[in-house]
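The values are calculated or read from the model by the stated rules, or taken from the named source; none is laboratory data. These numbers were taken from a predicted model, which means no experiment stands behind them. Using ideal geometry, Cβ is built from the backbone for each residue, glycine included, and neighbour counts are taken over all protein chains shown.
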Amino acid sequence: MLSTLRNIFVRVDFLLLGVATLIVLAGMLTMNSFTGENNLFFRQLLWLIISLLVAVGASRVDWRFLRNTRFITAIYFISVFVLLLLSVIGSIFRGAQSWFDLGLFAFQPTDFAKIALILVLSKYFARRHVEIAHVRHIVVSGLYTLIIFMLVFLQPDFGGAIIIFIIWLGMVFASGISKRHIGMVFASGILAVFVLWSFVFQDYQKARITSFLHPLADVSGAGYNAYQSTVAVGSGEIWGKGIGYGTQSKLKFLPEYETDFIFASFAEEWGFVGSLILFSLYATLIFRILSVASQGETNFEVLYGFGVGLFFTSHFFVNIGMNIGLLPVTGITLPFMSYGGSHLLAEFLAIGILMGTSKYARVTRKGENQNEIIQVTSYKYR
């Protein structure tokens, strides 16, 4: 019995999985502290159990088959097909057609599409690390990304589209593409925005964009959510009001307390000290992900781990930024902490795959394939 359990958990990174679970529990505790008539806590507990099983199961898989172009291509086109199907039969929630209503629960495929994109970009850049300075690799990788970006953007899910762009941009930088070419891309983007603002956008369109970028300028209208969020964060002060005593949240002044603004709910009850503890958990999570990635057998595993770290980091900064009024409200969840089964499954699957890749990386590090080690080392420090 003990031997069986040991075999099941032999590849589990308990630090990585443990920190992620603690963040989920912090979110569940925040959800449970509001009213007695909802069962968000128990639903999230069920999703946590399922997600942990998915992560442990993924850690036992030999993921080297993902290096095969056919598998990666299939994963990419399946993701594109699902997003296209979503635009046809998806359910509309809060103005976005981004959910499949399956009766007992709803499923949002966007986060799984992000993981698919990370896998595709990892495969693409891993094969071309020697010739990566060529500008065509910006164009080709950009086209892969653009298709998923547009399908998400048109839902419309502007926040999800932003994360997809950040993932692409970060992996482009990590791959070693010429900074001159990156500068050309940025210059073209700035020029396009200037032309659109000066000659294309109507006054009402400019007003909408201004309201989006500066939500606190209209606290009784478009900026109401952002304003209530900043009030909740500030009212927590140093030590917080205590679990269950968050007035902004409990009295329903703060909208979407269990998803988009769960950090504001947490900060109101736990204060500045509790927020620092939460930030330290996220820092540990990202550091551990990058540490595991750095031991990857090939460039593919290294890039995948970096992409996963970038995925969580971008979600974290965008969500915290909108909770404290520094960034526009985009509907981005806080990784592992916000309520929802779809994103929780995707996040635990991502780290499960990462844990799975470590099992053959360690064997390689013992000397079975010195050429690959040299390749990874030269890539990481190029």
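For segment 220-246, filtered to residues that are part of a helix (DSSP H, G or I) and aliphatic (A, V, I, L, M), the residue that is modelled with the lowest pLDDT is Ala226.
Tell me which residues, restricted to segment 59-94, are closer than 30 Å to Gln155 by Cα and among the small types (Gly, Ala, Ser). Matches in segment 59-94: Ala74, Ser79, Ser87, Gly90, Ser91.
Whenever a residue of segment 64-91 is closer than 15 Å to Phe149 by Cβ, its partners that are among the polar types (S, T, N, Q), lying with C-beta atoms within less than 7 angstrom and at least six residues away or across chains, give the pairs Leu86/Gln97; Leu86/Ser98; Ser87/Gln97. Sub-8 Å Cβ pairs linking a first residue in segment 265-279 that is surrounded by fewer than 24 Cβ atoms within 10 Å (Cβ to Cβ) and assigned to a helix (DSSP H, G or I) to a second residue that is modelled with pLDDT of 90 or more and of a type outside the set (A, V, I, L, M), at least 6 apart or interchain, are Gly274/Phe266; Ser275/Phe263; Ser275/Phe266; Ile277/Trp270; Leu278/Phe263; Leu278/Phe266; Leu278/Trp270, ordered by first then second residue. What about Thr298, is it in contact with a helix residue (DSSP H, G or I) (Cβ under 8 Å, 6 or more places away or on another chain) and either surrounded by fewer than 19 Cβ atoms within 10 Å (Cβ to Cβ) or of a type outside the set (S, T, N, Q) (or both)? Against the criterion (in contact with a helix residue (DSSP H, G or I) (Cβ under 8 Å, 6 or more places away or on another chain) and either surrounded by fewer than 19 Cβ atoms within 10 Å (Cβ to Cβ) or of a type outside the set (S, T, N, Q) (or both)), Thr298 does not qualify.
Considering Ile289, Ile320, Ile277, Ile324, the condition of being β-branched (Val, Ile, Thr) and closer than 18 Å to Ala58 by Cβ is satisfied by Ile289 alone. Counting only residues that are over 28 Å from Phe125 (Cα atoms) and assigned to a helix (DSSP H, G or I), how many does segment 303-324 have? Counting residues in segment 303-324 that are over 28 Å from Phe125 (Cα atoms) and assigned to a helix (DSSP H, G or I) gives 5. Checked against the criterion of being assigned to a helix (DSSP H, G or I) and either at pLDDT below 85 or crowded, with 20+ Cβ neighbours inside 10 Å (or both), the candidates Met337, Met355 yield just one match: Met355. Looking across segment 247-281 at every residue that is of a type in the set (A, V, I, L, M, F, W, C) and more than 22 Å from the chain's Cα centre (by Cα), the one that is modelled with the lowest pLDDT is identified as Leu251. Note on segment 245-265: residues that are in contact with a helix residue (DSSP H, G or I) (Cβ under 7 Å, 6 or more places away or on another chain) and farther than 26 Å from Gly159 by Cβ total 1.
All conditions in (1) free of Cβ contacts under 8 Å to residues at least 60 places away in the same chain; (2) outside any helix (DSSP H, G or I); (3) out of contact with any Gly (no Cβ under 7 Å at 6 or more places or on another chain) hold for Leu327, with the sole exception of (3).
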